[in-house]
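Undergrad: Shown below is the structure under consideration.
The values are calculated or read from the model by the stated rules, or taken from the named source; none is laboratory data. Only a predicted model underlies this, so the values are computations on that prediction, with no experimental measurement involved. All Cβ positions, glycine included, derive from the backbone under ideal geometry; neighbour counts span all protein chains shown. Surface areas here come from the heavy atoms of the whole protein model, side chains and all, with no ligands, DNA or RNA. Shrake-Rupley method; radii C 1.70, N 1.55, O 1.52, S 1.80 Å.
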Amino acid sequence: MTGRLGAIALRIWAVLVVLFLFIPIATIVLYAFNKSNIQSWPIQHFSTKWFSVAWHDSEVRSSLWLSVKAALFASLLAAVLGSMAAFAVHRFKFFGRDAISLLLVLPLALPGIITGIALNSTFTYAGVNLSLATIVIGHATFCIVVVYNNVIARLRRTAGSLIEASSDLGARPWQTFRLVTLPTLSTALVSGVLLAFALSFDEVIVTTFTAGAQNTLPLWIFGAIRLGQQLPEVNVVVSAVLVLTFIPVLISVRLTGRAGLR
């Protein structure tokens, strides 16, 4: 009897936690269909007119395009540097390997404001103008960690005998990498890149210190909410960001899950 009551209590608690997390998100999505520009509850009339208004807003579209470019470049840069770092730490034994592994993960643990201030000071000291390139560099600092963690976890679970067997059969290093290593790591690498894209796309704190006068979509949302302007458009844009962030995360989880089952 006690065990059954405990199971029921845990289920109720889990439902309450899920509601606590997702009711605010559902509320924002509902307000995106509010016909009025005043946010009041209950919603009297529903409409999709704000979607058209947001889409035809040149500032929103330019911010969206900047966010997509920054996320794409940052995730691609993270894919190259993160996977290379994972290979180096996993394959070779050298002095300070554990320390380097810790340093690679550290940017994800540091508060974003520290990373942002450090990067902003570095760019100012070096005389680098804040632009798309500085945004990509800032986002890459934490995107690399995501790819690195995914790839090194897969490398640790991959049997070294596969590579040894390929070498014994006469395959060159590049052939082994292309035909054995890369297919083994493909799902981990792709899922890491997708997660990095999602993290970069909705990043705010580091972007604030590296974007300069430019506005990514999250910065546009933050500015509009802070000034109390264009709130119906903000609800629409936030709903779109939720969808654009959810899709790569879902694909990443499914890829990781399938690879784990195999």
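Undergrad: Restricting to the stretch 35-63, name every residue that is open to solvent by less than 80 Å² (accessible area, probe 1.4 Å) and modelled with pLDDT under 75.
TA: If the condition is that a residue be open to solvent by less than 80 Å² (accessible area, probe 1.4 Å) and modelled with pLDDT under 75, then S36, S40, P42, I43 are the ones that fit.
Undergrad: Which of the residues spanning the stretch 79-90 are touching a residue at least 24 places away in the same chain (Cβ under 8 Å) and either of a type in the set (G, A, S) or open to solvent by 70 Å² or more (accessible area, probe 1.4 Å) (or both)?
TA: A79, L81, G82, S83, A85, A86
Undergrad: If only one of T187, T256 is open to solvent by 10 Å² or more (accessible area, probe 1.4 Å), part of a helix (DSSP H, G or I), of a type outside the set (F, W, Y) and at pLDDT below 75, which one is it?
TA: Just a single option satisfies the conditions, and that option is T256.
Undergrad: Of the residues L119, L103, L76, only one is open to solvent by 70 Å² or more (accessible area, probe 1.4 Å) and either of a type in the set (K, R) or in contact (Cβ under 8 Å) with a residue 24 or more places away in the chain (or both); which?
TA: It is L76.
Undergrad: Considering only the stretch 205-239, how many residues are among the aliphatic types (A, V, I, L, M) and either touching a residue at least 40 places away in the same chain (Cβ under 8 Å) or not in a helix (DSSP H, G or I) (or both)? Let's see the steps before the verdict.
TA: Initial filter on the stretch 205-239 (among the aliphatic types (A, V, I, L, M)): 205-206, 211, 213, 217, 219, 221, 224-225, 227, 231, 234, 236-238.
Still in the list and also either touching a residue at least 40 places away in the same chain (Cβ under 8 Å) or not in a helix (DSSP H, G or I) (or both): 205-206, 211, 213, 217, 219, 231, 236-238.
Qualifying residue count, the stretch 205-239: 10.
Undergrad: I'd like to verify a number: residues in the stretch 214-230 that are at pLDDT below 80 and either open to solvent by 60 Å² or more (accessible area, probe 1.4 Å) or over 20 Å from S62 (Cα atoms) (or both), how many?
TA: The qualifying residues number 6.
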